[in-house]
Amino acid sequence: MYVKEYLDFICGMYQFKGDKAKKINELIELTGLTIEQKKKIGALSKGYRQRVGLAQALIHDPKVLILDEPTSGLDPNQLAEIRSLIKTIGKEKTVILSTHIMQEVEAICDRVIIINRGQIVANENTSVLQKHRGKGESILAEFDQTVSRNELEKIEGVIRAENISGNHWRIQVTDTNVRGTVFKWAVSKNYTVLSLQIEEQKLEDVFHQLTQKQS
């Protein structure tokens, strides 16, 4: 079928009562199908076929949209476009996204449910899950001169220090407020702090920690 023909067919399946032509044109514009609307679906790239799928799922204006691996097999450009489209739809509807790609969850989702062996092991806002799960918190620090691991690990609130390269360190701390303590320590030693920032834990790391713990 052609794109418009297919969407018209879906409208018929849902017994759409309104102005079909207007609805179809609105969805074509929303999903970025305008330049491809007169083509047969079989002639479209996978990214555009995904868009057609989203358009047909929105025909009857559902309150909840469930998407299973919606960006699977897309190239980087298509990936960015579909993610942007899903975020746009998510401003007005509840979108439930099933995926194993944690970077996608970070890019799109506001809330995460992690299921392992049929059991829910996490159900939190994405930012909260990244911040409070896993093995403590870390800060990234860079100084203007060489400092030793022993010096850093004597600072109150520092659990462990790991040298990344040169004078750049990853410091595991009890709380990110320890940044102030690290800064004061550096000043007392006449060291210049070139950078001092919180290292956000990747969702992929959190996923590993939670699912391995349950294995």
Quiz prompt | Flag if R160 is surrounded by fewer than 15 Cβ atoms within 10 Å (Cβ to Cβ) and farther than 30 Å from L79 by Cα | solution = yes
Quiz item: Is it the case that region 57-74 has a residue that's over 25 Å from H100 (Cβ atoms) and surrounded by 15 or more Cβ atoms within 10 Å (Cβ to Cβ)?
Solution: yes
Practice problem: Give just the number: which of (1) exposed (fewer than 13 other Cβ atoms within 10 Å of the Cβ); (2) at pLDDT below 90; (3) farther than 30 Å from G90 by Cα; (4) β-branched (V, I, T) does V173 not satisfy? | Solution: (1)
Quiz prompt | Filtered residue count, region 63-105, keeping only those that are out of contact with any strand residue (DSSP E or B) (no Cβ under 9 Å at 6 or more places or on another chain) and of a type outside the set (A, V, I, L, M, F, W, C) | solution = 15
Practice problem: Sort out which residues of region 46-79 are assigned to a loop (DSSP other than H, G, I, E, B) and over 21 Å from E104 (Cα atoms), and write them in order of number. | Solution: I59, H60, D61, P62, K63
Quiz prompt | Failed item, numbered, when L152 is tested on (1) closer than 30 Å to I120 by Cβ; (2) assigned to a helix (DSSP H, G or I); (3) touching a strand residue (DSSP E or B) at 6+ places or on another chain (Cβ under 7 Å); (4) not hydroxyl-bearing (S, T, Y) | solution = (1)
Quiz item: Pairs under 7 Å by beta carbon, first residue over 16 Å from I66 (Cβ atoms) and touching a residue at least 12 places away in the same chain (Cβ under 8 Å) in region 87-109, partner surrounded by 15 or more Cβ atoms within 10 Å (Cβ to Cβ) and of a type in the set (D, E, K, R), six or more apart or different chains?
Solution: A107/R83
Quiz item: Among E81, E104, E92, which is farther than 22 Å from V3 by Cβ, among the acidic types (D, E) and surrounded by 13 or more Cβ atoms within 10 Å (Cβ to Cβ)?
Solution: E104
Practice problem: Tally the residues that are touching a residue at least 40 places away in the same chain (Cβ under 8 Å), under 18 Å from M1 (Cβ atoms) and not in a loop (DSSP other than H, G, I, E, B), restricting the search to region 11-42. | Solution: 2
Exercise. Identify the single condition in (1) within 20 Å of N190 (Cβ to Cβ); (2) not in a strand (DSSP E or B); (3) not polar (S, T, N, Q) that W169 does not satisfy, given that it satisfies every other one.
Key: (2)
Exercise. Go through S127, S138 for me and flag whichever is assigned to a strand (DSSP E or B) and either modelled with pLDDT under 90 or on the phi < 0 side of the Ramachandran plot (or both).
Key: S138
Quiz prompt | All positions within region 172-205 that are of a type in the set (A, V, I, L, M), in a helix (DSSP H, G or I) and in contact with a helix residue (DSSP H, G or I) (Cβ under 6 Å, 6 or more places away or on another chain) | solution = L203
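The values are calculated or read from the model by the stated rules, or taken from the named source; none is laboratory data. Computed from a predicted model, the values in this text were never measured in an experiment. Reconstructed Cβ throughout: ideal geometry from the backbone, glycine too, with neighbour counts over all protein chains shown.
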